[in-house]
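What follows is a set of notes on a single structure, which appears directly below.
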There are 2 protein chains.
Amino acid sequence: MSRATASRVLRGQSNVSDEARDAVQAAAREISYTPNKAARSLVTGRSDSVAFLVDESEERMFTDPFFLGMLRSAQVTVAAAGLQLVFTVTSRREDHAQFVAYAAGGHVDGVLLLSLHGEDQLPQQLEALGVPTVLSGRPLSGDDSLFYVDADNVGGATMATEYLFSSGRQVVATVTGPQDMCAGQDRLTGYRNALEASGRSYDEGLVASGEFTSEGGYASMQRILARRPDVEGVFAASDLAAIGAIRALEEHGRRVGRGAGDIAVVGFDDIRDAAQQRPPLTTVRQPIAELGATMSRRLLERLSGDEPPHRTILPVELVERETA
Amino acid sequence: MSRATASRVLRGQSNVSDEARDAVQAAAREISYTPNKAARSLVTGRSDSVAFLVDESEERMFTDPFFLGMLRSAQVTVAAAGLQLVFTVTSRREDHAQFVAYAAGGHVDGVLLLSLHGEDQLPQQLEALGVPTVLSGRPLSGDDSLFYVDADNVGGATMATEYLFSSGRQVVATVTGPQDMCAGQDRLTGYRNALEASGRSYDEGLVASGEFTSEGGYASMQRILARRPDVEGVFAASDLAAIGAIRALEEHGRRVGRGAGDIAVVGFDDIRDAAQQRPPLTTVRQPIAELGATMSRRLLERLSGDEPPHRTILPVELVERETA
DNA sequence: CTACTGCGTGAGAGCGCTCTCACAGACCTT
DNA sequence: AAGGTCTGTGAGAGCGCTCTCACGCAGTAG
């Protein structure tokens, strides 16, 4: 019985006789043997771990249910494949270079990259170093060679806006997300598409761009109310923003709801809080768990040498509750 | 210039001449050299990573702000020391053995262990294998050799209960946490201590044990109300439970607040939602970030060969808001 | 001037695996 | 019967580091 044969058994290769296999397995169980990962990595050149990299502040990462949900589903999917998830947050720009060096050092076999800002070249750098990367959200650089998984942000935003029009609201505003991110841009595009499709014109007074946070939504809504007190409906680019917007509306004495005189609000994401909100939030549901799982699966596929589709767009759906 | 010298420079050892050091550093920068971690681990026997292990369901882990807060501060502290955090959730018992094998394989240098249940021997097993472990919360096994960091659960619960008495409530109930966990037990002990100190007797009708969840708090409160409709104040062992309890009280037509006829409720944790609740929740603040950071520091100290204190109890404080 | 100490350096082993290659033996083929 | 193919196995190299040990060259002591 040589080390080579033992190694073959432990790696589950097929070209081993049944007796040899049984013998090795029994022996391994006997001494409760665990292969040394470092030694294996050294020779295979693989680390059996992938990075979950979020390019946001700690605060955002741990506050936004979207990131938490993505982390959760990625962790499950990756762990199920026997790989480790190395969780990293790069809150500052300097962290970028450090992460690239880290990845280049072969510490991770691939990267799940979330919340890419602007035309950041991080994914291109990683790919150039031979580190397969899968993004959450379409890269703004428009680089076709990149792999990404995204929700149908444009379609969802259009759906939400059209829903507001169809409920009889004529003056529909939008609280947008950050415009240096694809989700922020796309949800604004969807709003504009709905405007266009119904023959309305785009009015900057009805648009306030904020963050995806509730503070951002609150401030944006204040600005819109100041400019256009005649607003009848609002599409907020995230649930957190919608919650902030509703707070602003209520402070201005506006009632939020689906009734005739009420102002209607639709969010985006369908986070857990959306349903528990008073009144429960009407929103566009984005399949967060599926998004995370799909990203992970794409990366796993790439790691095993396959070439999965570069682009995967998951459908969203409108969840009608009490705010619109 | 030998590999040995280069290695010495890169590891920051002192017995190298200045010229040699400069030369190596320049060369390293030139080729943007990154040491291969696997090779290093193979020879040093260290992995430069520590596990963050939560013995709870995925759902709990990602839903309870306590765990999220601990993850956050542990991640920051560990990353600052140049180590990786390997994030693991063992939702099922079978995962235990697998994790032990994993740790035994030298994949992690130490373990941060959260949410230990009952008299689980996991920490003892890990220590026996030579894997330093630091717990969050006093182990129920009462094993003095273990290392742990905890909040002053007993003191906090006593403080909360005495506060309720001092506001004039005579009949004070408690919604406890799970009794297979130290935090659950200790917070009940604190409640009993307050009873005793004020010469009151313990009444089982005023105690309902639930989970740390809001559903658990809701159900427990229902039971207490059925048995003791004369209840005037409630100490809930977690904020989530307090939120559930308040929901139950309101459904029973009881007003929650600090006024004369109101029923008073005090929670425990001071999660973010506590302040945003309507009415804002009076609660015992547990320093979550500090708890996570201290655990991590203790582990880091052990990894560098020190023997830190086995037991660290961090103080809690009462935050007075509108519910009591 | 020899002997000792100390510091910086280089040679070389070896960490525990995987992988390639060669080979023995069983089984076909012509 | 000779040659070919196939399958399972073992020998041995080597992955990229760190670490021990020995050595050379100062500086200091006797």
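Just a few scattered comments:
- Of the helices (runs of 4 or more DSSP H) lying entirely inside segment B:116-213, those containing at least 1 residues that are modelled with pLDDT of 95 or more and aromatic (Phe, Trp, Tyr) span B:153-166, B:182-197.
- Residue match in segment A:246-261 (condition: buried (at least 24 other Cβ atoms within 10 Å of the Cβ) and closer than 21 Å to residue A:138 by Cβ): no
- For segment A:1-45, the candidate set comprises residues that are under 39 Å from the mean Cα position of the chain (by Cα) and near DNA strand D (Cβ under 6 Å from one of its atoms); within that set, the residue that is surrounded by the most Cβ atoms within 10 Å (Cβ to Cβ) is A:42.
- Those helices (runs of 4 or more DSSP H) lying entirely in segment B:1-86 with at least 3 residues more than 16 Å from DNA strand C (Cβ to nearest atom) and within 30 Å of residue B:103 (Cβ to Cβ): B:58-63, B:65-80
- Any hit, segment A:47-59, residues being closer than 23 Å to residue B:38 by Cβ and surrounded by fewer than 20 Cβ atoms within 10 Å (Cβ to Cβ): yes
- Taking (1) more than 16 Å from DNA strand D (Cβ to nearest atom); (2) under 30 Å from residue B:181 (Cα atoms); (3) at pLDDT below 90 in turn, residue B:80 satisfies each apart from (2).
- Within segment A:60-72, being of a type in the set (Lys, Arg) and either over 14 Å from the mean Cα position of the chain (by Cα) or buried (at least 20 other Cβ atoms within 10 Å of the Cβ) (or both) holds for one residue alone: A:72.
- Listed by first and then second residue, the pairs linking a residue in segment B:93-120 that is away from chain A (no Cβ under 11 Å) to a residue that is assigned to a helix (DSSP H, G or I) and polar (S, T, N, Q), with Cβ atoms under 7 Å apart and 6 or more places separating them unless they lie on different chains, are B:112/B:296.
- Scanning segment A:73-87 for residues that are within 11 Å of another protein chain (Cβ to nearest Cβ) and surrounded by fewer than 21 Cβ atoms within 10 Å (Cβ to Cβ) returns A:76, A:79, A:82.
- Matching residues, segment B:93-133, being farther than 27 Å from residue A:39 by Cα and buried (at least 20 other Cβ atoms within 10 Å of the Cβ): B:114, B:115, B:116
- Test: residue in segment B:221-235 that is hydrophobic (A, V, I, L, M, F, W, C), closer than 22 Å to residue B:117 by Cα and within 21 Å of the chain's Cα centre (by Cα): no
- Here B:269, B:262 are screened, and the one residue that is farther than 22 Å from residue B:189 by Cβ and more than 14 Å from chain A (Cβ to nearest Cβ) is B:262.
- Looking across segment A:47-59, the residues that are in contact (Cβ under 8 Å) with a residue 40 or more places away in the chain and touching a helix residue (DSSP H, G or I) at 6+ places or on another chain (Cβ under 8 Å) come down to A:47, A:48, A:50, A:51, A:52, A:53, A:54, A:55, A:56.
- Test: residue in segment A:195-204 that is under 21 Å from residue A:165 (Cα atoms) and buried (at least 17 other Cβ atoms within 10 Å of the Cβ): yes
- You will find that of A:267, A:292, the residue that is closer than 18 Å to residue A:52 by Cβ, modelled with pLDDT of 95 or more and not acidic (Asp, Glu) is A:292 and no other.
- Among the numbered conditions (1) under 24 Å from residue A:6 (Cβ atoms); (2) basic (Lys, Arg); (3) more than 11 Å from chain B (Cβ to nearest Cβ), the only one that residue A:60 does not meet is (1).
- Among the residues of segment B:138-178, those that are crowded, with 21+ Cβ neighbours inside 10 Å and within 30 Å of residue B:105 (Cβ to Cβ) comprise B:138, B:139, B:147, B:148, B:149, B:150.
The values are calculated or read from the model by the stated rules, or taken from the named source; none is laboratory data. The model shown is predicted, which means the values in this text are computed figures rather than measured ones. So basically every Cβ, Gly included, is an ideal-geometry build from the backbone, and we count neighbours across all protein chains shown.
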